[in-house]
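Before any comments, here is the structure.
The values are calculated or read from the model by the stated rules, or taken from the named source; none is laboratory data. The model shown is predicted, which means the values in this text are computed figures rather than measured ones. When we count neighbours, we look across all protein chains shown, and the Cβ atoms used for this are built from the backbone with ideal geometry, even at glycine.
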Amino acid sequence: MKTKIIFLGLAGIAALLQFFPIDKTLPHSSPEQELQAVQHPPDAVFSLLKHACYDCHSNNTRYPWYANIQPLGWWIQDHIEHGRSELNFSEIGKWNEAERRDLLEHCARVIEKGMMPLNSYVRMHPEAKLDRRQKDMLMGWLLHPETMSKLVKQPINAAPDSCDGDNENIRCCFAGMPDSLTSAMVIAGANEPGERLVIKGQVFRRDGKTPYPGVLIYAYHTDMHGIYSKNGTETGIRKWHGRLHGWCRTDAEGRYSIQSIRPAPYPRSDGPAHIHEVVWEPGKDEPYYINETVFEDDVHVTERYRKNERGPGGSGTIDLKRGADGIWTGRRDITLK
């Protein structure tokens with residue numbers, strides 16, 4: 001009897017709370033102060049921002065149905081109000097150019113650290129989850145909005161290729177791959193500015209002992225200035241990855257090598273310089289990213305960074321040594337899942 005009374009009491013309180021709904025009226029926005037009008041993001045970038053950021057950081061919130069249930073609605077509204085107070089893309093025109101640059105750079109940093117979008121938001125909005133390529137594209141624009149807008153924007157009547165949207169399949173990393181590959185990947189030509197870098201290693205099966213032959217590897221990275229620089233002829237996914245990319249296939253002993261320059265970290269970023277790598281195992285339906293290759297002497301490769309390396313491929317942190325010829329050399333062995 002006592003339990004029933006408690007239950008009825010709680011039900012009564014829950015019912016009473018529904019008489020105090022949240023106010024879902026959207027704040028007024030001046031079109032000339034919206035991000036689209038001030039910064040002119042490319043459609044692909046704006047689509048990512050809209051799905052991952054706009055519900056809490058703009059005046060264009062899309063309230064989910066469960067916002068009508070109290071006290072859940074109050075909690076959601078509190079998040080939205082806090083988000084808008086920190087950054088409101090609908091009012092970014094109120095800030096001057098230098099302030100907007102700082103705001104966008106801050107956004108890039110929190111995305112790079114995995115702090116945004118919030119995990120609690122992504123669980124309820126799976127379309128807001130950003131893969132590695134989408135993060136790179138978004139951070140590239142946030143750090144260099146003027147340059148990236150020119151590179152990303154295409155003529156409105158241009159026929160898009162099969163890997164030209166903002167949700168490309170990871171298989172697009174292997175579009176345009178040469179028909180014949182060796183175990184040596186050459187990313188940067190002899191005339192590419194920067195310090196030369198050679199990475200060698202071996203790919204193993206899950207046991208970490210058996211060499212894995214025939215594995216395709218795709219890699220890309222920034223230039224000596226921390227930019228995914230382009231030569232202007234890129235199509236598809238290379239419009240985001242830039243010209244410094246390449247492919248190889250492990251040999252009979254699972255060996256591979258990468259010849260390039262040492263990449264630089266993103267400008268004004270506290271993340272380490274890195275090389276992105278995608279592998280495609282023989283006979284497997286889909287390729288996948290492995291942990292990025294980073295360098296032990298990078299001040300941003302902290303103990304916290306190492307603990308957060310949870311992706312496949314084992315640790316990507318490698319020790320580099322510089323020879324008398326000025327070439328940096330290192331080794332990364334990869335154990336696949």
(request) Those residues that are at pLDDT below 90 and surrounded by 19 or more Cβ atoms within 10 Å (Cβ to Cβ), I need them from segment 231-242; list them, please. (result) 237, 238, 239, 240
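Only residues that are among the basic types (Lys, Arg), within 29 Å of residue 213 (Cβ to Cβ) and at pLDDT 95 or above: list them for segment 296-337, please.
Going through segment 296-337, the residues among the basic types (Lys, Arg) turn out to be 304, 306-307, 310, 321-322, 331-332, 337.
Pick out the ones that are also within 29 Å of residue 213 (Cβ to Cβ) and you get 310, 321, 331-332, 337.
321, 331, 332 - these are the residues of segment 296-337 that are among the basic types (Lys, Arg), within 29 Å of residue 213 (Cβ to Cβ) and at pLDDT 95 or above.
Suppose we keep only residues that are touching a strand residue (DSSP E or B) at 6+ places or on another chain (Cβ under 7 Å) and within 17 Å of residue 327 (Cα to Cα) within segment 262-272. Which one would you say is surrounded by the most Cβ atoms within 10 Å (Cβ to Cβ)? Talk me through it step by step, then tell me what you get.
As a first pass, look at segment 262-272 and keep what is touching a strand residue (DSSP E or B) at 6+ places or on another chain (Cβ under 7 Å): 262-263, 272.
With within 17 Å of residue 327 (Cα to Cα) added as a condition, the list becomes 262-263.
Values: 262: 19, 263: 29.
If we take residues in segment 262-272 being touching a strand residue (DSSP E or B) at 6+ places or on another chain (Cβ under 7 Å) and within 17 Å of residue 327 (Cα to Cα), then 263 is surrounded by the most Cβ atoms within 10 Å (Cβ to Cβ).
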(message) Checking the structure you have, find out if any residue of segment 59-69 is within 20 Å of residue 117 (Cβ to Cβ), touching a Ser or Thr at 6+ places or on another chain (Cβ under 8 Å), modelled with pLDDT under 80 and of a type in the set (A, V, I, L, M).
(response) no
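Return the only residue of 37, 52 being crowded, with 19+ Cβ neighbours inside 10 Å, hydrophobic (A, V, I, L, M, F, W, C) and either within 24 Å of the chain's Cα centre (by Cα) or within 28 Å of residue 240 (Cα to Cα) (or both).
Numbers: 37 fails: crowded, with 19+ Cβ neighbours inside 10 Å.
52 is the lone residue from the list that is crowded, with 19+ Cβ neighbours inside 10 Å, hydrophobic (A, V, I, L, M, F, W, C) and either within 24 Å of the chain's Cα centre (by Cα) or within 28 Å of residue 240 (Cα to Cα) (or both).
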(message) Kindly evaluate residue 268 against the criterion of being charged (D, E, K, R), at positive phi and either part of a loop (DSSP other than H, G, I, E, B) or within 17 Å of the chain's Cα centre (by Cα) (or both).
(response) yes
(request) Scan segment 222-251 for residues that are in a strand (DSSP E or B) and either in contact with a Cys (Cβ under 9 Å, 6 or more places away or on another chain) or of a type in the set (A, V, I, L, M, F, W, C) (or both) and report the count. (result) 3
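Give the residue, chosen from 255, 332, that is over 30 Å from residue 102 (Cα atoms), in contact with a strand residue (DSSP E or B) (Cβ under 8 Å, 6 or more places away or on another chain) and surrounded by fewer than 19 Cβ atoms within 10 Å (Cβ to Cβ). Break it down stepwise before answering.
Values: 332 fails: surrounded by fewer than 19 Cβ atoms within 10 Å (Cβ to Cβ).
Result of the check over 255, 332: 255.
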